[in-house]
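Peer 1: One structure coming up, written as structure tokens, with questions to follow.
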Amino acid sequence: MSENIISVDNLHSKLSTRDGAAYVLTDISMSIKKGSTVGVIGESGSGKTQLLLALTGNQELTPGVYNGNVEYKFTNGVNGPLKIYPNDNDDSGNKLQKLQVTTDGNYKRKRPFSYKRFVKKESKKIKSKVGFIPQDPKSYLNPYWTVETFFKQSFKRNNESGKFRSFLKDYLESVQLPFEIRDKFPNQISGGEAQRVMMAFVLSHKPDIIIGDELTTGVDVSRQRKIIELFEDIKKDKPDLTIILISHDINFLHHLVDDYFIMYGGCVVENISNKEHIFQSEYLHPYTRELINSISSNNGINSRNIDELTSSINIHKPIVGCPYLSKCTSSIEKCDKLIPEIQGTQPDSWQRCWRKFDGK
Ligand SMILES: Nc1ncnc2c1ncn2[C@@H]1O[C@H](COP(=O)(O)OP(=O)(O)OP(=O)(O)O)[C@@H](O)[C@H]1O
Ligand SMILES: [Mg+2]
């Protein structure tokens with residue numbers, strides 16, 4: 001078995017909003033193996049985007065992650081495990097000034113610890129290693145830059161040897177984009193093209209990990225097929241690349257992934273490490289079972305229905321028991337008191353369900 005490239009431990013995240021704190025991620029523990037392709041699924045608002053922002057230290061609102069850790073183990077370039085959140089983080093954002101003994105025996109004041117500064121610094125280290133293809137790629141492209149200018153910045157930064165023209169051509173071709181697109185501004189290209197520009201850009205950094213958020217939203221079936229082929233090609237070329245795909249669309253994910261993580265109400269409730277087990281309902285978490293039932297139809301999977309399972313979570317209250325309690329038809333007494341612990345199901349798979357935990 002290959003080692004984990006990302007390990008997440010008890011990650012909690014909340015955002016300050018006008019209506020008070022929004023508890024967007026609760027007690028997330030998961031690990032992702034080097035070279036694997038994993039799918040994160042869950043209905044709209046279940047926390048998928050927030051999870052990947054937290055994984056990369058990119059949450060915009062404070063405090064963001066206030067407990068837990070994300071650890072990376074890259075093959076080269078970054079020595080040793082890299083933790084992007086301080087171990088003893090608190091939710092105030094700042095720590096009291098500490099006194100430090102200097103070599104001459106005197107005390108000097110250390111610069112106050114800034115949580116935000118720490119996360120920013122650490123997440124910078126993973127920037128070149130983790131490529132992110134966002135849900136809304138157009139808003140990430142500078143509106144005043146052509147595609148060519150956009151790539152030029154990266155070319156200069158990475159001090160690539162060779163000719164820029166062939167560099168650009170190669171990467172645009174690798175995502176099936178014509179070279180002519182180089183002269184266009186973001187408002188002159190379609191959403192799908194912008195997504196492929198981002199994909200080419202991400203690939204040009206030679207990342208260890210690629211994260212794609214909702215790559216198939218609003219995309220027709222033939223384009224979806226092309227995205228699948230593109231990832232299959234990338235994977236053939238770079239078997240060590242780890243890919244994390246976030247999607248509502250199991251049909252799309254099922255072609256590509258080895259592992260599934262299922263999210264509900266800001267929690268990861270299940271990890272299925274053998275993708276075929278997602279159709280073995282007797283083993284599934286009650287939410288995953290309902291999710292699969294609702295999106296399966298006679299002619300395969302109908303992913304459009306996933307959002308019909310709307311969550312009843314009040315995001316402004318911290319989760320105390322099982323997040324799925326109010327919808328679950330097989331809950332037991334314990335479920336409203338404690339978040340279920342992780343319990344192994346099939347080899348390498350796990351779920352959080354007290355009923356299963358108690359062997360009922
Ligand atoms: N900037 C923000 N301020 C306050 N709440 C937010 C913010 N961004 C997200 N949320 C809330 O966090 C929760 C998780 O949002 P997130 O965007 O991660 O969902 P998602 O699973 O990616 O949904 P979708 O499938 O629609 O993209 C939602 O309840 C959302 O309303
Ligand atoms: Mg999202």
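The values are calculated or read from the model by the stated rules, or taken from the named source; none is laboratory data. Just so it is clear, the structure is predicted and the values come from calculations on it, not from any experiment. Note that each Cβ is placed from the backbone with ideal geometry, even for glycine, and that neighbours are counted across all protein chains shown.
Peer 1: Could you list, in sequence order, all residues of segment 26-50 that are outside any loop (DSSP other than H, G, I, E, B), within 13 Å of ligand 2 (Cβ to nearest atom) and of a type outside the set (Lys, Arg)?
Peer 2: Selection gives VAL40, ILE41, THR49, GLN50.
Peer 1: Looking at GLY47, GLY105, GLY35, which one is modelled with pLDDT of 90 or more and more than 16 Å from ligand 1 (Cβ to nearest atom)?
Peer 2: Answer to the selection: GLY35.
Peer 1: Scanning segment 198-242 for residues that are of a type in the set (A, V, I, L, M, F, W, C) and within 16 Å of ligand 1 (Cβ to nearest atom), which turns out surrounded by the most Cβ atoms within 10 Å (Cβ to Cβ)?
Peer 2: Here the answer is LEU215.
Peer 1: Checking TYR66 against (1) out of contact with any helix residue (DSSP H, G or I) (no Cβ under 8 Å at 6 or more places or on another chain); (2) over 22 Å from CYS322 (Cα atoms); (3) assigned to a strand (DSSP E or B), which test does it fail?
Peer 2: Only one criterion in (1) out of contact with any helix residue (DSSP H, G or I) (no Cβ under 8 Å at 6 or more places or on another chain); (2) over 22 Å from CYS322 (Cα atoms); (3) assigned to a strand (DSSP E or B) is unmet by TYR66, namely (2).
Peer 1: List the residue pairs whose Cβ atoms are under 8 Å apart, where the first residue sits in segment 339-357 and is in a strand (DSSP E or B), the second is acidic (Asp, Glu), and the two are 6 or more positions apart or on different chains.
Peer 2: Close Cβ pairs satisfying both conditions: TRP350/GLU270; GLN351/GLU270; ARG352/GLU270; ARG352/GLU341.
Peer 1: In segment 123-134, which residues are farther than 15 Å from SER204 by Cα and surrounded by fewer than 17 Cβ atoms within 10 Å (Cβ to Cβ)?
Peer 2: Listed by number, the residues that qualify are LYS124, LYS125.
Peer 1: Taking segment 251-268 on its own, how many of its residues are within 30 Å of VAL320 (Cα to Cα) and more than 13 Å from ligand 1 (Cβ to nearest atom)?
Peer 2: 2
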